[in-house]
1. Could you tell me whether the stretch 343-386 comes out rounded, prolate or oblate from its Cα gyration tensor? Rule is a ≥ b ≥ c as square roots of the eigenvalues, rounded for a/c under 1.5, then prolate if a/b exceeds b/c, otherwise oblate.
2. What full-extension length gain, to one decimal in nm, is calculated for residue 337 and residue 27 as 0.36 nm per residue of separation minus the Cα-Cα distance?
3. How large is ³J(HN,Hα) for each residue in the stretch 129-144, as worked out from phi by the Karplus curve 6.51 cos²θ - 1.76 cosθ + 1.60 (θ = phi - 60°), to whole Hz, x for Gly and Pro?
4. From the Cα gyration tensor of the stretch 1-137, with a ≥ b ≥ c the square roots of its eigenvalues, which class applies: rounded if a/c is under 1.5, or else prolate if a/b is larger than b/c, or else oblate?
5. Which Cα, out of 156, 329, 88, lies furthest along the positive dipole direction of the chain (beta carbon charges, K/R +1, D/E -1)?
6. Let me spell out the model: positive unit charges on the Cβ of Lys and Arg, negative unit charges on the Cβ of Asp and Glu, origin at the Cα centre of the chain. What dipole size does that give, in debye rounded to 20?
7. Could you name the lysines whose alpha carbon sits less than 16 Å from that of residue 76, not counting residues in the same chain fewer than 8 places away?
8. Could you pull out every residue, at least 5 positions away or on a different chain, whose amide H is within less than 5 Å of the one on residue 79? Hs are placed 1.01 Å off N in the peptide plane, and Pro or chain starts have none.
Amino acid sequence: MPSRTFTWNEVSARRLERSGLAGKPLAQDPAEIAAALCGAHAQVLSAAELSLMLRTDHGTRTAVQDALWTDRSLVKTYGPRGTVHLLPAAELPMWTGALAAVPVGSSPFAPDVQLTPGQTEQVLAAIEDALADAELTVDELSEAVVAATGSWAGDLVMPAFQGKWPRWRQVMHRAGQYGALCFGPNRGRKVTYTSPRRALPGFRPADGPAALTALVRRYLYAYGPATPQDFATWIGAPSGWTARLFASLAGELEQVDFAGSPAWILAGDTEAPAAEPSGVRLLPYFDAYGIACRPRDLLFPGRAAQRALAGRQAGNFPVLLIDGTVAGVWHQRRSGRRMIQLTVEPLTPLTARQRRALDDRVQRVGEILQGTAELTIGTVSVGPHA
């Protein structure tokens, strides 16, 4: 039987607080913030910079860049769902141990495109060997993989944005998840890849079961109450496997009632802030809060689901968050070297207090991006990010 009942407002307030969106920053250090968020989605690196720095009260995007390439306290690699993330370097053993233990789902590719299990092992080993002491572009890495495995790895059969990619690239994200690959600094405009061991001497993935337990705990602390299906969707795992994982952790978890349905939290973690969820926030593309918080129907109520979701997928639009729920969308555009034009489309009229808070948020976006931001309230005509 559920031990406690949580309302949406209670859960929203505690998630805002634990995500650094309740007004008081959790930390100023990008790596500490990334740890609290369970990673920052970085397919669009500028969005990841905003995700982290909008949770501070000072500093610019260079703090994230320094954490990545100078201090090495952040690692850019493949994380949950096989998508690019910024993860704390100190937690990379946990992340790679946990992600390597997640069962691989069925391939989305045609049988004549897929790699066999044996070929997959060869490719992953070739990637690890090629990057052990190097920073390679994707073309250079491709040459090394094909040379080490065979011409089959280089067959241009994998559907891509424009044309075809070589066969081996369908498991590139798994190399990152297993700890054999991470991103290196750009070489001009070209992305490079390297081994995390070059930046983190002594690095090795943690034991799988222990790492999975630690990751479930991190996720539930940040985004609980949640269901096994919520976790499965977030990490990119089969739902049946995740249900068994939660069952195996029964002694560490506690069942509660959340908005009329059963959900789980960490055992004993029943507190919620006394105050109602409040505040105005601008969240960029693929911000962790919009992706990880569920149920969707409560986070994106009414018109917000139609305007701010792509199908049922969150993250494809930057969102305006008011009092813990999505209340609009926004878009930014550079104009010259320093001017940043922000268009915000609220779904309901803003109060005077909300408009003042929004002005502050817009100014902070400009500071982070090292420019001057100018606000327009109006319709956002830009479609969803792919």
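1. oblate
2. Result: 108.6 nm gained on full extension.
3. My calculation for the stretch 129-144 gives 5, 5, 9, 4, 9, 8, 10, 10, 6, 5, 5, 5, 5, 4, 4, 5 Hz in order.
4. It is oblate, given that a/c is not under 1.5 and a/b is not larger than b/c.
5. 329
6. With Lys and Arg at +1 and Asp and Glu at -1, about 900 debye.
7. The reachable lysines, counting only those whose Cα sits under 16 Å from residue 76, are 190.
8. Residues meeting the amide H criterion: 84, 85.
Only the coordinates and a few stated rules stand behind these numbers; no lab work does. Keep in mind that what you see is a predicted model, and the values were worked out from it rather than measured. No Cβ is skipped: glycine too gets one built from the backbone with ideal geometry, and neighbour counts run over all protein chains shown.
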